[in-house]
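*Asks:* Pasting a structure below so you can have a look.
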Amino acid sequence: MKKILAGMFFRLFRGFEIWALIGLLLIASTYIFSATISNQYYMSYEAGMHKTFEDLGVSDLDVYKFSNEPISRESFDKLLYEDNVAGEELNCLEILIGFAHLIPAILIAIFIPVFFGRMFSDGTIKNYIICGYKKGDVYLSSLCLTFVIDIVIMVLNVLILVLVCCAYSWHPPVYLPVCILQFVIVSLVLFTVSSIIISVMFISSKRTIAFIAGFLVIFLITTPLSSTIAESMMSSYYEPASDAQIEELRKERETMDKHDFGMKIDLSEHMIRMYNKDKELKEMGTSSLPPVLKTVCLAVIYLDPIAMTATGTGEAFPWYLAYRDGLMAICVASNVFWIILANGIGLVVTKKREIKA
């Protein structure tokens, strides 16, 4: 396997594909990160709201907790009443990290059919088999090479993001436990994309089919149809509350102190529940979705590997809540599941079928 990897790396650095990938990454990511910061954050800053979260004297954790759970009265009042861009800063950072996998995913979806398709078409893969290397080793070597490229381009993307932030002299509210897990998730999404396309490439041995698979995967990570439909089904089965319940909820919200407001993600319903201190503010209705359909919908939602990226369904939930209440952990597990499943299928089928040039 070491010799196969060495040969693939030699071919990689001699070819044009990797250099084209890196060049396109630098151009596209720099543009997208710059445009996002300019549109999402810098315009608000230039409009006169010059107080950033650092200017307010609050911590990054306070910015994340604000409106999600009670924080110190001093920090709460600063974030609520003083003109500031703390909310825009956090929103912008979430979008930047949430999209960090998108350009790499598009490029890797092009790279795999081009690079490995050429190895199939010129007989390189078949020659490995003729020389006595196991099909499984060839597959795993190709997967390792792709994962190394995934790591390299994600690291480059992070560096580009940092440099763009420095160019704008912007110090976003980086609460490391949440941000690190965010980057873990988007990196795993990239591994999931790579795993599916590599699997299809080796199963079919056809560059065209791998391109089609790549197109479909990119479409699915930008348009999460199944989880969106499942969420719509979940929400459509809520029965309206009575007039008396609505009036009671209205009065409770009017009299409560905003500082005591908090939220929690109910994973069994895939929804946010609101609290006044420890007392739940009752929802505007109850779910009547049949238990079997509810289980299916929840399975579809939680198996969505992009449920916690900016292009997925997770954008409805604050990142801090997703981190605190376990939704991010579910998303990590979902991506690991799809990576293992895709490569398991690819490995089994590759071992059983004849590799053709």
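The values are calculated or read from the model by the stated rules, or taken from the named source; none is laboratory data. Quantities reported herein were computed from a predicted structural model and do not represent experimental measurements. Every residue, glycine among them, receives a Cβ derived from its backbone with ideal geometry; neighbour counts consider all protein chains shown.
*Asks:* I'm trying to understand the selection: among the residues of segment 118-177, which are in a helix (DSSP H, G or I), among the small types (G, A, S) and within 30 Å of K206 (Cβ to Cβ)?
*Replies:* Passing the criteria: S121, G136, S141, S142.
*Asks:* Now, a different point. Given the structure, is I97 hydrophobic (A, V, I, L, M, F, W, C), closer than 27 Å to M271 by Cβ, assigned to a loop (DSSP other than H, G, I, E, B) and in the same structural domain as Y31 (by TED's automatic domain parsing)?
*Replies:* no
*Asks:* With (1) more than 30 Å from G123 (Cα to Cα); (2) modelled with pLDDT under 85 as the list, and R353 as the residue in question, which single condition is left unmet?
*Replies:* Result: R353 fails condition (1) only.
*Asks:* If you don't mind, there's one more thing I want to ask. Restricting the search to segment 184-203, which residues are farther than 15 Å from S142 by Cα and crowded, with 17+ Cβ neighbours inside 10 Å?
*Replies:* Selection gives I185, V186, S187, L188, V189, L190.
*Asks:* Taking T192 and the conditions (1) within 21 Å of L220 (Cβ to Cβ); (2) more than 20 Å from the chain's Cα centre (by Cα), which numbered condition does it fall short on, given that it satisfies the others?
*Replies:* (2)
*Asks:* Could I ask something else about it? Would you please name the residue that is farthest from the chain's Cα centre (by Cα), looking only at residues in segment 276-303 that are at pLDDT 85 or above and assigned to a loop (DSSP other than H, G, I, E, B)?
*Replies:* P290
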